[in-house]
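Structure in structure tokens, see below.
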Amino acid sequence: MQKIVMLTLTHRCNLDCIYCYQKHKTAKDMSLETAKAIVETEVKQARMSENIDSLRFNIFGGEPLLQFDLIKEICQWIWETIDDIKCEMVITTNGILLDDDKKKWFIAHKDRIFLVMSVDGKDDVQEYNRGCHSSDLPVEFVSKTMPKQFLSMTVSRQSLPRFADDLIYFYEQGYFVEGKLAQGVNWQDGDGKIYETQLSKIAAYYLEHPKVTPVFFFKDASFIQLLGSEPNEKYAKMCDAGVDFVAYDVDGKCYPCHHFMPNVHGKEDVLEDLKGIDFSNTLRFIDDECIKCDILKLCRTCCGRNYNERGDVKLRDKRTCQIVLAEAKVISSYQIKKLMRDRDQLTSKELLLLKAAVKCYQLCCDFELKLYSQNK
């Protein structure tokens, strides 16, 4: 099993994205000594664990390339000193600072580093969301240097009606793109239907272009869980926060995930609040209303956002019900159509996937009637 460890090298950023959830940035940076101490702690724990056989260090910010010298130092130190635990290095960047010197370094280490660059759409969308032009970013360099690594598209509420067109635009350029909705968005009535329309366009494109790699949630096989008899309680927490995922701030303090850090919510004493929470106890992450929900097993809530916005990890954002519904409905429909193309040649596993997708679609249709009748 792989544990994910996020290292926040800096709070500083050279952009001011409209959807950024880090509302309390500072000028603080992580030191080399702090970074080494964190790595040593996590490696020691991995060596003592019976389950963890690898670590993935997510290098994050702010904009981590503002700490490029630290990136080089910590990577080189890991490569030279740790050989019994596999360590993956993943760096997330907006790409603006990726100059020739940095490009040379990434080329030299392309087999040991994953570089994730953010590109939200064509120039007008990119400018609105992030304040720069996608045509000025080193998109071709990143894609050619690391062809198996995706470009990361974040969809704001404002750019939602353009999601399909901009995603397909990058596909047509031959790029591998992962798209996702921005977190902490104030979704409004009707946004779910816009999202459904966009996803339907994307699904149609995938069916017409089977060689294109779909975004991760289109490949999701979690519908299988709908066929089981497990109670909703088992799926009350759908992330690894605080268990197989941790995030370290610039000062070396460890948080269950990056959404709990002070640069997000502004509270310096958050760790005191979190002391009594057992992040392995799924029942702590669900309220009495949501536990009865027909599509709870499909709901990817963020416990960090729940804490920041509503004061408790279990209090979910009900504005996202329409988003979860749209996603599950379209993707299950897509999977049904895809599998039915080869219905006479399906394996036993594919037949199970088809059965799960049909059940999911039926659940979504029933839930949709309930949801929108309540909102009238």
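The values are calculated or read from the model by the stated rules, or taken from the named source; none is laboratory data. None of the values given here were measured: they were computed from a predicted structure. Cβ coordinates were reconstructed from backbone atoms using ideal geometry, including for glycine residues, and neighbour counts include every protein chain displayed. For the accessible areas, the whole protein counts, side chains as well, though only heavy atoms, and no ligand, DNA or RNA atoms are used. Shrake-Rupley method; radii C 1.70, N 1.55, O 1.52, S 1.80 Å.
Given the residues Ile91, Ile71, which is the only one that is in contact (Cβ under 8 Å) with a residue 60 or more places away in the chain and among the hydrophobic types (A, V, I, L, M, F, W, C)?
Just one listed residue meets the conditions, Ile71.
Being of a type in the set (Val, Ile, Thr) and outside any loop (DSSP other than H, G, I, E, B) is the filter here; which residues of the stretch 1-55 pass it?
Ile4, Val5, Thr8, Thr10, Thr34, Ile38, Val39, Thr41, Val43
Could you please find all residues in the stretch 246-265 being part of a loop (DSSP other than H, G, I, E, B) and in contact with a Gly (Cβ under 8 Å, 6 or more places away or on another chain)?
Within the stretch 246-265, Pro256, Cys257 meet the criteria.
State yes or no: is Glu233 without any contact (Cβ under 8 Å) to a residue 24 or more places away in the chain, open to solvent by 30 Å² or more (accessible area, probe 1.4 Å), part of a helix (DSSP H, G or I) and not hydrophobic (A, V, I, L, M, F, W, C)?
It is false that Glu233 is without any contact (Cβ under 8 Å) to a residue 24 or more places away in the chain, open to solvent by 30 Å² or more (accessible area, probe 1.4 Å), part of a helix (DSSP H, G or I) and not hydrophobic (A, V, I, L, M, F, W, C).
Further question on the same structure: Could we say that Cys75 is assigned to a helix (DSSP H, G or I), within 24 Å of the chain's Cα centre (by Cα) and over 22 Å from Gly179 (Cα atoms) here?
yes
Exactly one condition in (1) at pLDDT 95 or above; (2) surrounded by fewer than 16 Cβ atoms within 10 Å (Cβ to Cβ); (3) aliphatic (A, V, I, L, M) is false for Ala203; which is it?
(2)
Now a separate question. In the stretch 157-187, which residues are open to solvent by 70 Å² or more (accessible area, probe 1.4 Å), within 23 Å of Gly304 (Cβ to Cβ) and charged (D, E, K, R)?
Answer for the stretch 157-187, where residues must be open to solvent by 70 Å² or more (accessible area, probe 1.4 Å), within 23 Å of Gly304 (Cβ to Cβ) and charged (D, E, K, R): Arg157, Lys180.
Has the stretch 226-247 got any residue that is within 23 Å of Met117 (Cβ to Cβ) and out of contact with any helix residue (DSSP H, G or I) (no Cβ under 6 Å at 6 or more places or on another chain)?
Yes, because at least one residue in the stretch 226-247 is within 23 Å of Met117 (Cβ to Cβ) and out of contact with any helix residue (DSSP H, G or I) (no Cβ under 6 Å at 6 or more places or on another chain).
I'd like to verify a number: residues in the stretch 31-64 that are of a type in the set (A, V, I, L, M, F, W, C) and either at positive phi or open to solvent by less than 10 Å² (accessible area, probe 1.4 Å) (or both), how many?
8
Here's another thing I want to ask about it. Given the conditions (1) crowded, with 20+ Cβ neighbours inside 10 Å; (2) of a type in the set (Ser, Thr, Tyr); (3) under 25 Å from Leu325 (Cα atoms), which single one is not true for Tyr248?
Condition not satisfied by Tyr248: (3).
Kindly indicate the residue of the stretch 343-376 that is hydroxyl-bearing (Ser, Thr, Tyr) and more than 20 Å from Asp294 (Cβ to Cβ) and also surrounded by the fewest Cβ atoms within 10 Å (Cβ to Cβ) among those meeting that condition.
Ser348
Need pairs with beta-carbon distance below 7 Å; first residue without any contact (Cβ under 8 Å) to a residue 60 or more places away in the chain and within the stretch 263-275, second open to solvent by 40 Å² or more (accessible area, probe 1.4 Å) and assigned to a loop (DSSP other than H, G, I, E, B); sequence gap 6+ or separate chains.
Leu271/Lys253
State which residue pairs qualify: first residue in contact (Cβ under 8 Å) with a residue 60 or more places away in the chain and inside the stretch 148-170, second residue of a type in the set (Ser, Thr, Tyr) in any location, beta carbons under 7 Å apart, and separation of 6 or more residues or different chains.
Sorted first by the residue in the stretch 148-170, then by its partner, the pairs are Ser152/Ser118; Thr154/Tyr19; Thr154/Ser118; Ser156/Tyr19; Gln158/Tyr128.
What number of residues in the stretch 174-209 are closer than 24 Å to Met146 by Cβ and without any contact (Cβ under 8 Å) to a residue 24 or more places away in the chain?
Counting residues in the stretch 174-209 that are closer than 24 Å to Met146 by Cβ and without any contact (Cβ under 8 Å) to a residue 24 or more places away in the chain gives 0.
Name, by its number, the condition in (1) in contact (Cβ under 8 Å) with a residue 12 or more places away in the chain; (2) assigned to a helix (DSSP H, G or I); (3) surrounded by fewer than 14 Cβ atoms within 10 Å (Cβ to Cβ) that does not hold for Asp101.
(1) is the only condition that Asp101 fails.
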